[in-house]
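Enquirer: Quick one: the structure is below, and I'll ask about it shortly.
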Amino acid sequence: VQLVESGGGLVQPGGSLRLSCAASGSRFRINAMGWYRQAPGKQRELVATITLDGSINYADSVKGRFTVSRDNAKNTVYLQMNSLKPEDTAVYYCNTVPALGDWGQGTQVTVSS
């Protein structure tokens, strides 16, 4: 089972990025999926969750700015990030919720002027 995140980069405050996570194996099809992030020196945190039937939850820190979605036919989950702030700088990962198995390599998001 593999999780491959992509779409990160360097963006100015107020900018946008769209992250993608391609998942292989059965993990994606039977579980809620989530986007997590880990900033330097901090613990990994869950920022967005989407269930198989499309129910969604966000951490308060990203509510109103981030939008999570999934394409079950493509085994892919997305994270649209708008109005980015410097405190959003982190490595972003996807995984099931709760997290199971190995993590992918993540994708770096840096918000800086």
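Enquirer: Which count do you get for residues in the range 48-91 that are farther than 23 Å from Gln12 by Cβ and among the acidic types (Asp, Glu)?
Expert: Qualifying residue count for the region: 3.
Enquirer: Kindly indicate whether Ser83 is over 15 Å from the mean Cα position of the chain (by Cα), modelled with pLDDT under 95 and of a type in the set (Ser, Thr, Tyr). Steps first, please.
Expert: Numbers: over 15 Å from the mean Cα position of the chain (by Cα): yes; modelled with pLDDT under 95: no; of a type in the set (Ser, Thr, Tyr): yes.
Against the criterion (over 15 Å from the mean Cα position of the chain (by Cα), modelled with pLDDT under 95 and of a type in the set (Ser, Thr, Tyr)), Ser83 does not qualify.
Enquirer: Report, by residue number, each residue of the range 71-113 that is assigned to a strand (DSSP E or B), open to solvent by less than 20 Å² (accessible area, probe 1.4 Å) and of a type outside the set (Gly, Ala, Ser). It would help to see each step written out before you state the result.
Expert: Of all residues in the range 71-113, those assigned to a strand (DSSP E or B) come to 71, 76-81, 90-96, 107-111.
Subsequent filtering for residues that are open to solvent by less than 20 Å² (accessible area, probe 1.4 Å) retains 76-77, 79, 81, 90, 92, 94-96, 107, 109, 111.
Those that are assigned to a strand (DSSP E or B), open to solvent by less than 20 Å² (accessible area, probe 1.4 Å) and of a type outside the set (Gly, Ala, Ser): Thr76, Val77, Leu79, Met81, Tyr92, Cys94, Asn95, Thr96, Thr107, Val109, Val111.
Enquirer: Taking the options Ala39, Ala32, name whichever one is more than 19 Å from Gly8 (Cα to Cα) and either touching a Ser or Thr at 6+ places or on another chain (Cβ under 9 Å) or open to solvent by less than 30 Å² (accessible area, probe 1.4 Å) (or both). Break it down into steps so the answer makes sense when it comes.
Expert: On the way: Ala39 fails: more than 19 Å from Gly8 (Cα to Cα).
Just a single option satisfies the conditions, and that option is Ala32.
Enquirer: Considering only the range 1-29, state which residues are over 15 Å from Asp71 (Cα atoms) and surrounded by 17 or more Cβ atoms within 10 Å (Cβ to Cβ).
Expert: Passing the criteria: Gly8, Val11, Leu17.
Enquirer: If you don't mind, there's one more thing I want to ask. Would you mind telling me which numbered condition in (1) hydrophobic (A, V, I, L, M, F, W, C); (2) closer than 19 Å to Pro13 by Cβ; (3) out of contact with any Ser or Thr (no Cβ under 7 Å at 6 or more places or on another chain); (4) touching a residue at least 60 places away in the same chain (Cβ under 8 Å) Val109 fails?
Expert: (3)
Enquirer: Here's another thing I want to ask about it. Only one of Leu46, Leu79, Leu84 is among the hydrophobic types (A, V, I, L, M, F, W, C) and over 15 Å from Glu5 (Cβ atoms); which? Before you say what the answer is, go through the steps one by one.
Expert: Details: Leu46 fails: over 15 Å from Glu5 (Cβ atoms); Leu79 fails: over 15 Å from Glu5 (Cβ atoms).
Every option except Leu84 fails the conditions.
The values are calculated or read from the model by the stated rules, or taken from the named source; none is laboratory data. Just so it is clear, the structure is predicted and the values come from calculations on it, not from any experiment. FYI the Cβ positions are ideal-geometry reconstructions off the backbone, even for glycines, and counts take in every protein chain you see. With ligands, DNA and RNA removed, areas are computed over all heavy atoms of the protein, side chains included. Shrake-Rupley method; radii C 1.70, N 1.55, O 1.52, S 1.80 Å.
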